[in-house]
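First comes the structure, then the notes that go with it.
The values are calculated or read from the model by the stated rules, or taken from the named source; none is laboratory data. The structure presented is a predicted model; accordingly, all values stated were derived computationally and were not measured. Virtual Cβ from ideal backbone geometry, glycine too; neighbours counted across all protein chains shown.
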Amino acid sequence: MTILIFLTSLIGSMAIGVPIAFALMFCGIVLMVWLGIFDTQIIAQNMIDGSDNFQLLAVPFFILAGELMNAGGLSRRIIQFAVACVGHFRGGLGYVAVIAAVLMAAMSGSAAADTAALASILVPMMRHAGYNMPRATGLIAAGGVIAPVIPPSIGFIVFGVAAGVSIPQLMLAGVAPGILMGLSIGVAWAIVSRKETMAVTGRIDMRGRLAALRDGFFALLMPLIVIGSIRAGVATPTEAAVIAVAYALVFGLFVYKELKFSMLFGVCLMAAKTTAAVMFLVAASLVSAWLITQANIPGEIADLLRPLMGSPLLLMVVMMAIVWVIGTALDFTPTVLILTPILMPIVREAGINPVYFGVLFIMNNAIGLITPPVGIVLNVVCGVAHVPMGKVIRGVTPFVTAQTLLLIMLILFPDLVMQPLSWLRN
């Protein structure tokens with residue numbers, strides 16, 4: 001009965017248009033009334049405790065780093081370097097999108113920001129070259145959702161805080177799956193683009209490639225500095241986020257000189273708005289998370305799943321299927337914040353490695369960013385490219401399929417996640 005009350009209050013409030021953060025608080029209030037412990041101080045105290053976490057300080061800094069990276073010309077130089085390397089192949093701009101998406105994911109950790117940057121630069125080039133625009137925009141959207149998986153990842157920070165799992169280990173474990181996501185959509189692009197007619201860019205000689213490398217060297221160096229500082233243990237994720245901001249600011253202002261002092265207020269304002277939305281969701285979710293624990297909802301769900309406890313593989317399949325379905329209807333951060341306190345006790349009881357689960361959980365939620373009806377990244381690419389949503393949904397289908405098949409492969413073969421993590425930790 002408690003599960004039914006929780007789901008009815010949460011889904012019902014969202015169905016009538018209540019913003020997700022307020023819906024989370026509302027279902028918390030309903031649970032308090034049901035449990036007979038209604039107290040407004042519980043709401044206030046949990047919201048304060050939820051946002052008062054040093055590790056969450058990395059979120060605004062990584063968001064700001066992404067905005068500075070786009071405004072300062074670092075994103076554009078990464079794309080230009082990728083064009084110089086693979087733009088002359090058939091469907092070369094698609095491969096450019098994949099390579100650039102992986103490189104940019106290692107700098108900002110924001111799917112929406114990376115998608116907007118990729119689309120604003122590549123869509124005009126693809127349209128001019130005669131690419132199938134629904135397919136091209138679908139590829140760009142699929143590339144954008146690599147950002148929550150490759151470190152630095154805002155999703156890993158939020159999940160790590162909510163689940164009590166090591167954030168540095170989550171980030172290091174996300175490297176291999178993130179690269180595999182890029183490879184999967186690259187293969188899908190190679191298959192779907194074979195029969196299409198499109199122009200190719202002229203082959204750029206080695207001198208031109210070296211010039212593109214020289215021009216974008218400092219932009220390409222940024223992911224190595226951020227990930228390397230975490231890997232070497234010289235910086236926490238929060239400190240690495242500050243390094244990313246300082247790096248993007250200095251090179252945008254004084255080296256590439258595309259970022260002007262007059263632009264800083266607008267860049268900071270955009271980052272502040274995004275941060276406020278994320279942090280308010282985190283704070284509101286801690287109210288419902290505390291009451292989920294008090295109401296023993298994880299225990300009730302564990303009882304339902306207890307027949308599967310003896311088979312961690314089957315349990316992972318069922319949990320990932322649930323997350324995939326919910327991810328089609330909810331945005332990334334709310335899904336992470338709602339499901340983490342429910343699923344983590346089950347994960348630990350079943351003996352599943354929390355880091356392994358966290359990587360697949362975040363990857364699954366990232367795929368949800370390009371699945372209708374919500375698909376926030378689809379909305380971003382539609383707005384930038386001016387392509388109708390229906391066409392983008394059809395265009396993104398092969399890439400969603402490829403990433404979902406990859407997710408299934410990682411469920412079946414956990415060593416694809418854990419073995420690279422052991423190499424990176426040593």
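So that you can scan it fast, the table gives a plain yes or no per residue for (1) modelled with pLDDT of 90 or more; (2) within 29 Å of G395 (Cβ to Cβ); (3) of a type in the set (D, E):
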position	(1), (2), (3)
T137	yes, yes, no
I140	yes, yes, no
A147	no, yes, no
F159	yes, no, no
L170	yes, no, no
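Just wondering, is there one or more residues in the range 213-224 that are charged (D, E, K, R), closer than 30 Å to R90 by Cα and surrounded by fewer than 21 Cβ atoms within 10 Å (Cβ to Cβ)?
Checked against the condition, which is being charged (D, E, K, R), closer than 30 Å to R90 by Cα and surrounded by fewer than 21 Cβ atoms within 10 Å (Cβ to Cβ), the range 213-224 yields at least one hit.
Just checking, does the range 197-207 include any residue being buried (at least 23 other Cβ atoms within 10 Å of the Cβ) and hydrophobic (A, V, I, L, M, F, W, C)?
Scanning the range 197-207, I find no residue that is buried (at least 23 other Cβ atoms within 10 Å of the Cβ) and hydrophobic (A, V, I, L, M, F, W, C), so the answer is no.
Test of understanding: among I370, I362, which residue is within 26 Å of S311 (Cα to Cα) and either over 13 Å from the mean Cα position of the chain (by Cα) or surrounded by 21 or more Cβ atoms within 10 Å (Cβ to Cβ) (or both)?
I362
Residues that are hydroxyl-bearing (S, T, Y) and free of Cβ contacts under 8 Å to residues at least 40 places away in the same chain: find the helices (runs of 4 or more DSSP H) completely inside the range 289-407 holding 1 or more of those.
Where helices (runs of 4 or more DSSP H) fall fully within the range 289-407 and carry at least 1 residues being hydroxyl-bearing (S, T, Y) and free of Cβ contacts under 8 Å to residues at least 40 places away in the same chain, they are 332-349.
What do you reckon, is F399 over 15 Å from the mean Cα position of the chain (by Cα) and more than 17 Å from G182 (Cβ to Cβ)?
It is false that F399 is over 15 Å from the mean Cα position of the chain (by Cα) and more than 17 Å from G182 (Cβ to Cβ).
Here is a list: A240, A232. Which entry is out of contact with any strand residue (DSSP E or B) (no Cβ under 7 Å at 6 or more places or on another chain), farther than 18 Å from L103 by Cβ and modelled with pLDDT under 85?
A232
Being in a helix (DSSP H, G or I) and not aliphatic (A, V, I, L, M) is the filter; apply it to the range 128-143 and report the residue that is nearest to V336 (Cα to Cα).
Among them, the one singled out is G143.
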